[in-house]
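The structure under discussion appears below in the form of structure tokens.
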Amino acid sequence: MNNRTNAVWAIIFVIAAIFLGWRIATGNFGRIYVKGDPVSVKAEDGSVAASWQTYTKVPPRDHLESGVSVSIPRTIGLWASAILTLCIFSFLYGDNPFYKTAESIVVGASAAYLMVIGFWTQIIPNLIGNIVPDWTRAWATPGLDPEAKADLVYLLPLILSIMLLWRLAPVGGWISRWPLAFFIGATAGFRLIGFMEADFVAQIRATIIPIWVRNPAGGVDIWASVGALTMILGVISCLIYFFFSLEHKGIVGRTARLGIWFLMVTFGAGFGYTVMGRIALLSQRLEFLFYEWLWLNNPTADAVSGTASLIMPALGG
Amino acid sequence: MYEFLKTLDRRWVFLLMFLAVATPILLKVTFPEKPSAMVMDVFRAIEDLPEGSKVLMAWDVDPASRGELEPMASAFTRHCAEKKLKMYYMALWPLAVPMIQDSIRILEREYPHLEYGKDYMNLGYKPGNEGVIKVVITNIRKLYTTDHYGTGVETIPMMNGVSSVQAMDLIVNVSAGDPGTKQWVQYVATPFNKRMVAGATGVQAPQLYPYIPAQLIGILGAIKAAAEYEQAVIDGYPHLARIATAKEGLRRMGPQLVGHVLIVLLVILANVIYFIGRRRGDTR
């Protein structure tokens with residue numbers, strides 16, 4: 001970038017920083033208000049066995065109502081989310097330490113979350129809970145079926161899991177290949193069946209359709225017929241394009257060329273859909289930053305609903 | 001000008017895109033949507049179910065697809081709640097659990113008369129990808145011994161008589177990728193001839209169209225179809241028009257329009273620059 005471009009970008013960042021500084025100085029953004037509702041569970045004798053509070057998010061304009069308070073943990077979460085979003089966005093300007101930090105946090109948090117949720121949703125109820133149900137019910141999952149009996153078949157997946165983890169041991173790493181071979185074989189087996197049935201046989205059946213489509217009155221439905229003909233032409237020409245046992249010359253070559261056109265239209269449609277998807281993701285993140293973090297013209301907060309003001313009025317609404 | 005445009009730094013394009021998306025968001029620009037025939041097929045698949053029908057709400061999503069799929073998930077939830085259908089939420093993606101909880105919060109806030117365990121329940125996430133589908137289609141209790149909160153499924157009233165996913169009257173899948181709609185079609189909709197509708201990300205939607213209409217009743221492809229479906233639900237249940245969060249997809253179509261216009265202009269501009277360069281013999 002030349003000096004003039006650098007200067008323009010510097011001005012843009014300074015304007016953004018001034019705006020943020022002004023919002024921080026006025027203090028009217030970046031907080032989450034909650035309202036506490038007491039919940040209690042009664043014992044059989046009518047006494048209160050347990051009680052706690054549940055907190056529901058409320059719009060900022062309700063902050064003066066009784067029982068409404070700033071939720072510190074949720075506010076920290078909001079700021080963390082906003083700062084991490086900006087860190088990730090900073091990659092658009094160029095690779096930098098902020099982006100790297102945010103990326104590492106995402107990877108680490110996702111891995112930890114996956115491990116914890118896998119442990120509590122699969123290993124505890126479905127593995128340990130089936131091998132030693134009474135013990136599992138006693139310390140981990142009280143809701144487990146009280147009549148459940150030990151099912152020792154589940155020792156088999158337990159043994160396979162231990163064999164798989166053997167890879168981490170200093171010796172005998174080859175042991176992990178056996179369960180791996182089992183998983184690959186089983187997965188290939190049922191994937192083959194799924195693809196054969198849904199993507200091969202059913203798709204061939206879906207292509208065998210009448211070219212002249214009749215409407216309920218008995219006449220020819222022109223547009224439906226054009227659609228059917230286009231689909232059949234597309235399928236045949238694309239199949240011929242990928243058929244390499246014949247040289248692509250003459251009628252075969254011309255049909256293959258038509259197949260390329262169908263493929264290009266398909267790729268174009270795919271690109272269009274991808275653009276739509278990416279813009280939707282960007283608008284969702286900007287909505288988060290503008291509405292939830294900066295409190296700019298939030299349509300879901302009742303305080304500004306129906307008003308033309310760009311900046312959400314002070315907390316009093 | 002030619003030299004400037006030919007060597008334009010891509011960061012200016014990013015800035016333009018930011019402005020194109022941010023401006024309609026701040027100005028709350030929205031456009032009317034007319035549901036397409038495909039969206040109406042999805043709408044009618046739910047609308048025509050009798051009250052109390054069982055619907056599997058399979059949310060195979062993650063936060064990265066939230067911008068596109070959350071409006072669909074919320075609209076499906078509201079539509080099923082309005083129809084008084086029984087909703088069974090489950091997920092094949094670990095990060096889908098918070099989004100299921102978002103859907104359940106809609107039910108708690110907007111439909112307080114509906115009761116957990118009687119009208120809706122959260123089976124939660126199970127690891128195993130399509131392996132989970134293969135099990136639940138024949139025996140749901142083999143894998144789901146408890147719901148997401150650790151309550152035994154045998155104590156949950158709406159699980160009475162539900163031994164497998166075959167008991168469901170309709171499968172509603174919101175999918176961000178694999179495992180998702182493709183696997184539900186492969187292992188449930190096709191072999192067991194189950195009725196199914198889906199909402200998918202834009203990237204995934206073109207791969208799913210060949211399944212319509214024999215294997216899938218219809219799909220909502222990307223945010224455009226989500227907005228149309230929201231409109232269809234609002235047309236059917238006009239009181240939802242008062243709820244701002246019921247129009248998330250509709251709201252996101254403003255930035256879509258301006259963003260797409262910008263992309264089209266940039267594609268045209270890039271082609272013009274290319275052809276000018278070719279005519280000048282500029283091979284850089």
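Where a number appears in this text, it was derived from the coordinates with a stated rule and is not lab data. In this text, all values refer to a predicted model and were calculated from it rather than measured experimentally. Methodologically, a virtual Cβ is constructed for each residue, glycine included, from the backbone with ideal geometry; neighbour enumeration extends over all protein chains shown.
Packing around the peptides B:116-125, A:8-17, taken as the average count of other Cβ atoms within 10 Å per residue, puts them in this order, highest first: B:116-125, A:8-17. Cross-link partners for B:K54 among the lysines, with Cα-Cα distance under 28 Å and sequence neighbours closer than 8 places in the same chain left out: B:K83, B:K84, B:K86, B:K118, B:K126, B:K134, B:K142, B:K182, B:K194, B:K224, B:K247. Taking the Cα centre of the stretch B:144-259 as reference, the dipole from Cβ charges on Lys and Arg (+1) and Asp and Glu (-1) amounts to some 300 debye.
For the stretch A:98-160, what's the relative contact order in percent, using C-alpha pairs closer than 8 Å and at least 6 residues apart? Please list the in-between numbers first.
Details: 34 pairs, mean separation 16.3, N = 63.
This gives 26 percent for the stretch A:98-160.
Of all aspartates and glutamates in the structure, those lying under 18 Å Cα to Cα from A:K57, and not within fewer than 8 positions of it along the same chain, are A:D37, A:E65, A:E287, A:E292, A:D302, B:D102, B:E108, B:E110. Helix B:37-47 and the long axis of chain B differ in direction by around 20°, with both axes built from C-alpha atoms.
Sorted from fewest to most neighbouring beta carbons within 10 Å, what does the list A:E287, B:E154 look like?
Details: A:E287 23, B:E154 16.
Sorted ascending by nearby Cβ count, the order is B:E154, A:E287.
For the stretch A:1-111, the direction-averaged projected area of the alpha-carbon convex hull comes to 11.3 nm². Ranked by the mean number of other Cβ atoms within 10 Å of their residues, highest first, the peptides B:213-222, B:101-110, A:89-98 fall in the order B:213-222, B:101-110, A:89-98. In whole percents, the pair-distance distribution calculated for the stretch B:109-171 from its alpha-carbon pairs, binned every 10 Å from zero, is 20, 52, 24, 4. As a ratio to 2.2 N^0.38 Å, the alpha-carbon radius of gyration for the stretch A:124-193 is 1.40.
With kT/(6 pi eta Rh) evaluated at 10 °C and eta = 1.306 mPa s, and Rh the Kirkwood radius from Cα pairs, the stretch A:72-143 diffuses with a coefficient of 106 µm²/s according to Stokes-Einstein.
Per residue of A:106-119, what is the mean number of Cβ atoms on other protein chains within 10 angstrom of that residue's Cβ? Please list the in-between numbers first.
Values: counts 2, 0, 0, 0, 4, 0, 0, 4, 4, 1, 1, 8, 5, 1.
If you average over the peptide's residues, the count of other-chain Cβ atoms is 2.
Based on Cα contacts under 8 Å between residues 6+ apart, the stretch B:5-137 shows a relative contact order of 23 percent.
Please rank A:S81, A:S104, B:S175, A:S66, fewest neighbouring Cβ atoms within 10 Å first, as an exposure proxy. Working shown, then result.
Numbers: A:S81 15, A:S104 10, B:S175 28, A:S66 5.
The order, fewest Cβ neighbours first, is A:S66, A:S104, A:S81, B:S175.
Working note: 222 nm ellipticity from helices only, DSSP H runs with n ≥ 4, each -39,500 (n - 2.57), summed and divided by the residues of chain A, gives -17500 deg cm²/dmol to the nearest 500.
Of the residues B:L265, B:V165, B:S36, the one whose Cα sits farthest towards the positive end of the charge dipole of the protein assembly as shown is B:L265 (charges of +1 on Lys and Arg Cβ, -1 on Asp and Glu Cβ, taken about the Cα centre).
Got a sec? Charge dipole of chain A, +1 on Cβ for Lys and Arg, -1 for Asp and Glu; which of A:V48, A:L114, A:A16 is way out at the positive end? Farthest towards the positive pole: A:A16.
How many Cβ atoms of partner chains, on average, are near each residue of A:266-276 if near means within 10 Å of its Cβ? Can you show the working numbers first?
Numbers: counts 3, 1, 0, 5, 6, 5, 5, 10, 7, 7, 15.
Counting Cβ atoms of other protein chains within 10 Å of each residue's Cβ and averaging gives 6.
Please determine, in degrees from 0 to 90 and to the nearest 10, the orientation of helix B:10-27 with respect to the longest principal axis defined by the Cα atoms of chain B, where the helix direction is its Cα long axis. Long axis of B:10-27 versus the principal axis of chain B: about 60 degrees.
Once you sort the root eigenvalues of the Cα gyration tensor of chain A as a ≥ b ≥ c, which label holds: rounded (a/c under 1.5), prolate (a/b larger than b/c) or oblate (the other case)?
Taking the square roots of the gyration eigenvalues as a ≥ b ≥ c, chain A is oblate.
Here the dipole of chain B is about 760 debye; that uses its Cα centre as origin and unit charges on the Cβ of Lys and Arg (positive) and Asp and Glu (negative). Rounded to the nearest 20 debye, the dipole size of the stretch A:1-75 about its Cα centre is 540 debye, using +1 on the Cβ of Lys and Arg and -1 on the Cβ of Asp and Glu. Overall form of the stretch A:20-73: prolate. Here a/c, set by the Cα gyration tensor axes a ≥ b ≥ c, is 1.5 or more, and a/b is the larger of a/b and b/c. Projected onto its three principal axes, the C-alpha set of the protein assembly as shown covers 89, 71, 70 Å, listed from the longest axis down.
What is the fewest-to-most order of B:M1, A:M163, B:M90 by other Cβ atoms lying within 10 Å of their Cβ?
Details: B:M1 6, A:M163 17, B:M90 26.
Going from sparsest to densest Cβ surroundings: B:M1, A:M163, B:M90.
Here is how the number arises for chain B: DSSP H runs of 4 or more residues each give -39500 (n - 2.57), the sum is divided by the residue count, and the result at 222 nm is -14000 deg cm²/dmol. Projecting the Cα atoms of B:F192, B:A45, B:S65 onto the dipole axis of chain B, where Lys and Arg carry +1 and Asp and Glu carry -1 at the beta carbon, places B:S65 farthest toward the positive end. Equivalent ellipsoid of chain B: semi-axes from √(5λ) of the C-alpha gyration tensor, largest first, are 41, 21, 17 Å.
Give me the inter-chain shielding for A:193-201: mean count of other chain Cβ atoms within 10 Å, whole number please. It would help to have the intermediate numbers written out before the result.
Numbers: counts 4, 11, 2, 1, 6, 12, 7, 0, 1.
That average works out to 5.
Quick one: Debye curve from the C-alpha atoms of the stretch A:209-277, no solvent, what's log10 I(q)/I(0) at q = 0.25, 0.28 Å⁻¹? Debye output, listed in q order: -0.97, -1.07. Taking all C-alpha pairs of the stretch B:147-284, those more than 20 Å from each other amount to 66 percent.
What percent does the relative contact order of chain B come to when contacts are Cα pairs within less than 8 Å and at least six residues apart? The partial results should precede the final answer.
Numbers: 467 pairs, mean separation 73.1, N = 284.
Reported relative contact order: 26 percent.
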